[in-house]
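What follows is one structure encoded as structure tokens, with my remarks underneath.
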Amino acid sequence: MNSKRLATLVLFFVFSMAFAQKNFQGKAYYQTKTTLDMNGFGGRQVSEDQKKRIAARMKSMLEKTYILTFNQIESIYKEEEKLEAPGTGSGRWGSMMSSFTAGNQYKNVKEQTLLQDQEFFGKQFLIKDSLPQLKWIMTGETKQIGKYTCFKATTTKTNTDFDFNRFRRPPDRVGSKEKDSANTKDLSTKEVKPNLVKVEVWYTPQIPVNQGPGEYWGLPGLILEVNEGRTTILCSKIVLNPEEKDDIKKPSKGKEVSKETYHAIVKKKTEEMRENFSRGSGRPGGRRR
């Protein structure tokens, strides 16, 4: 074990003594932002003016606030509820994109379980899985986030999140309708190579819990920042031992499915929508005029 990692672990155990009480609880507020690659969005080139209009329209879907409520063993990660201003609704796009937004995520580091309450196109699912075993590399780099000294760690994982680029119009296919139909069928059934993405996080041993936003965990301190592909998650506020403590409840509603089964459901629906985009006007279920 190198000296920098040893120093981090020493800090973790020192601070752990101060957080050892049974009723310890904390809240961390995270701002998330995802940039969208709009080159060829919807199968055609997008002008700068169109990009600005799309970005403004999707701002509420690509920039969100989440709250992580945690103790030494459990956590629940929820999107902060906000009242939508009149006239800012996203209509069909908002309804569709909400189906690709992760629901409440519950983690139990002792039981090594992850539960996610997820609604997908009007159907309620309860995704049950074990915690991902992320292989963290501790770099020894440090930086300050607010009043907390943070350490950098990296890992590589398979990206299973929804990708808007799936809606790009595929190249024209040459051949008969029968051949085109066969190609379409093959498109939805063939195996897709895993999309690996590098993840960079910053965690602080000053809050010695094995927790973080979303599915992230497994470091000697609370994760305050995540950089994954086009998405950044940054902690903006931390409240330790609030006077009014929240119950950290396991999600229980919906049809219980594994992560693999749920991803297969999403993939099938996404390919159906992609074909609608390919045949139509760039809108779900749209028709070419």
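The values are calculated or read from the model by the stated rules, or taken from the named source; none is laboratory data. The model shown is predicted, which means the values in this text are computed figures rather than measured ones. Glycine gets a Cβ as well: all are built from the backbone with ideal geometry, and neighbour counts include every protein chain shown. Quick note on the areas: whole protein, heavy atoms, side chains included, nothing else; ligands and nucleic acids left out. Shrake-Rupley method; radii C 1.70, N 1.55, O 1.52, S 1.80 Å.
Taking interchain pairs and intrachain pairs at least six residues apart, which have beta carbon atoms under 7 angstrom, with the first residue in the stretch 245-263 and of a type in the set (Gly, Ala, Ser) and in a strand (DSSP E or B) and the second exposed (fewer than 13 other Cβ atoms within 10 Å of the Cβ) and at pLDDT 90 or above?
Pairs found: none.
How many residues, within the stretch 51-110, are at pLDDT 60 or above and either of a type in the set (A, V, I, L, M) or within 28 Å of ASP129 (Cβ to Cβ) (or both)?
Total satisfying the criteria: 37.
Counting just the residues of the stretch 200-243 that are over 15 Å from ILE145 (Cβ atoms) and of a type in the set (Val, Ile, Thr), which one comes out least open to solvent (accessible area, probe 1.4 Å)?
Among residues in the stretch 200-243 that are over 15 Å from ILE145 (Cβ atoms) and of a type in the set (Val, Ile, Thr), the one least open to solvent (accessible area, probe 1.4 Å) is VAL209.
If the Cβ limit is 6 Å and pairs must be 6+ apart or interchain, which residue in the stretch 224-240 that is in a strand (DSSP E or B) pairs with which residue that is of a type in the set (Lys, Arg)?
Close Cβ pairs satisfying both conditions: THR232/LYS33; VAL239/LYS27.
Report every pair of residues separated by at least 6 positions or lying on different chains whose Cβ atoms are under 7 Å apart, first residue within the stretch 203-219 and touching a residue at least 60 places away in the same chain (Cβ under 8 Å) and aliphatic (A, V, I, L, M), second buried (at least 23 other Cβ atoms within 10 Å of the Cβ) and not in a loop (DSSP other than H, G, I, E, B).
From residues that are touching a residue at least 60 places away in the same chain (Cβ under 8 Å) and aliphatic (A, V, I, L, M), the pairs are ILE207/LEU222; VAL209/PHE70; VAL209/LEU222; LEU219/ALA153; LEU219/TYR203.
Inside the stretch 253-265, can you point out the residues that are open to solvent by 70 Å² or more (accessible area, probe 1.4 Å) and either within 23 Å of VAL199 (Cβ to Cβ) or at pLDDT 90 or above (or both)?
LYS255, GLU256, GLU260
Just to be sure I understand the filter: pairs with C-beta atoms under 7 Å, separated by 6 or more residues or on different chains, first member in the stretch 62-83 and within 11 Å of ASN104 (Cβ to Cβ) and open to solvent by 20 Å² or more (accessible area, probe 1.4 Å), second member of a type in the set (Val, Ile, Thr) and not in a loop (DSSP other than H, G, I, E, B). Which pairs pass?
The qualifying pairs are TYR66/THR32; LYS78/ILE67.
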